[in-house]
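The values are calculated or read from the model by the stated rules, or taken from the named source; none is laboratory data. Because the structure is a prediction, the values reported are computed rather than measured. Here Cβ is always computed from backbone atoms with ideal geometry, including for glycine, and neighbour counts include all displayed protein chains.
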Amino acid sequence: MYLDSSLLVNKKKLEGIEEDITCPICQGIINDPYFCNKCQNNFCNKCIKTWEQKNQNCPFRCNNPNYTYNLFLNKIFSELLKFKCQKGCDEVISYKDIENHYKNCKKEDFESKYYESQTQVEILKVQIENYNDIQNELDQTQERKEELENELEELKEEKSNLEDKIDELKERLNSDLRDKLEKDNEDLESELEKEKEKNSLLEREIESFEMFDFEEAMKDQEKLENQKKMLIKENKSLKDEIKKLKKKKGEV
C-alpha cells in the first residue's frame, strides 16, 4: 500500500529525516519496512517483493541480496508517524493502524487506487534509472575495452620491437663470441707450437745426454790425472836439476 508523504499530519517534525523514511522504489513513506542485508537500505515490503519478481539485484545494485523485516524501524514509525486518510475521511490514522483503517473505511476508494498505480509508476521509474545506469556502465565498459585493445596492440608492437632487439643482441653476442673463440684458439695454437719447440729441444738434449759415454769420459779423466801426476813429477825433477846446476855453478 502506497503511503503518500503529503498525507503526514506531523510532517514538520520529520524535517531532515525524509530520506530515511522514504522508500527508494515508490518514493512514498516506507510501509512494512524490509531492508537489504548488504546495503542496509529500507524498502516497502510490497515494493521490494514486486521488484524481486523482475530483478535479481536490489535497487542499489547489490548482487544476490536477502531482505529482512526491520522490526526496529517499524516500531519507530508506529510511534512517530500519523496520516490523513488516503480515501479522504476526516480520521487521523497512526502508522500501525493504516491497514485496518483502509479495510474498514467507508469512504470511496478511488484515491487509494490512484496511489497503488503511482507505486507501479515509481517502480518503473527506478527500473528505467537502473537500466540507464547499466547502459552507461556498458558504454564506459565498451570504451574501456577499446582503450585496452589499443593498449594491447601497442604492447604487442613493443613486444615485437623487443624481440627484434633481442635477436639483434643475440647475433652480436654470437658474433663477438665467435671472434673471441677464434682469437683464443689462435693463441692456444701459438702456445702449443712454442711448447712443441721446447719439447723438441728438451728431447734433443735428452738424446745427447743419453748418447754421452760416461765410461770413456772416466777413462779420459783418469788419463788426465796420470798426465797431471807425470807433469808434477817432471816439474819436480826439473827443479832438482836446476838446483844442482846452480850449486855446481857456485862451486866453480
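Residues in the range 70-91 that are hydrophobic (A, V, I, L, M, F, W, C) and surrounded by 12 or more Cβ atoms within 10 Å (Cβ to Cβ) were compared, and the one that is farthest from LYS13 (Cα to Cα) is CYS89.
Residues are listed down the side, and each one gets a yes or a no for (1) more than 20 Å from GLU99 (Cβ to Cβ); (2) modelled with pLDDT of 85 or more; (3) surrounded by fewer than 21 Cβ atoms within 10 Å (Cβ to Cβ):
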site	(1), (2), (3)
TYR2	no, no, no
LEU14	yes, no, yes
ASP20	yes, no, yes
CYS36	yes, yes, yes
CYS39	yes, yes, yes
CYS44	no, yes, no
ILE48	no, yes, no
ASN63	yes, yes, yes
THR68	yes, yes, yes
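For the range 26-43, a residue qualifies if it is in a loop (DSSP other than H, G, I, E, B), in contact with a Ser or Thr (Cβ under 8 Å, 6 or more places away or on another chain) and over 17 Å from PHE83 (Cβ atoms), and exactly one does: ASN37.
Scanning the range 44-84 for residues that are in a loop (DSSP other than H, G, I, E, B) and under 26 Å from CYS105 (Cβ atoms) yields one hit, LEU81.
Checking each residue in the range 125-160 for being at pLDDT below 80 and either exposed (fewer than 10 other Cβ atoms within 10 Å of the Cβ) or hydroxyl-bearing (Ser, Thr, Tyr) (or both) picks out TYR131, THR141.
State which residue is surrounded by the most Cβ atoms within 10 Å (Cβ to Cβ) when the search covers only the range 22-34 and only residues that are in contact with a Pro (Cβ under 9 Å, 6 or more places away or on another chain) and over 27 Å from GLU91 (Cβ atoms). Among those residues, the one meeting the criterion is ILE25. The numbered conditions (1) more than 17 Å from SER5 (Cβ to Cβ); (2) modelled with pLDDT of 80 or more are all true for VAL92 except (1). Hey, could you check the range 85-97 for residues that are hydrophobic (A, V, I, L, M, F, W, C) and assigned to a strand (DSSP E or B) and say which is farthest from GLY28 (Cα to Cα)? Across the range 85-97, the extreme among qualifying residues is VAL92.
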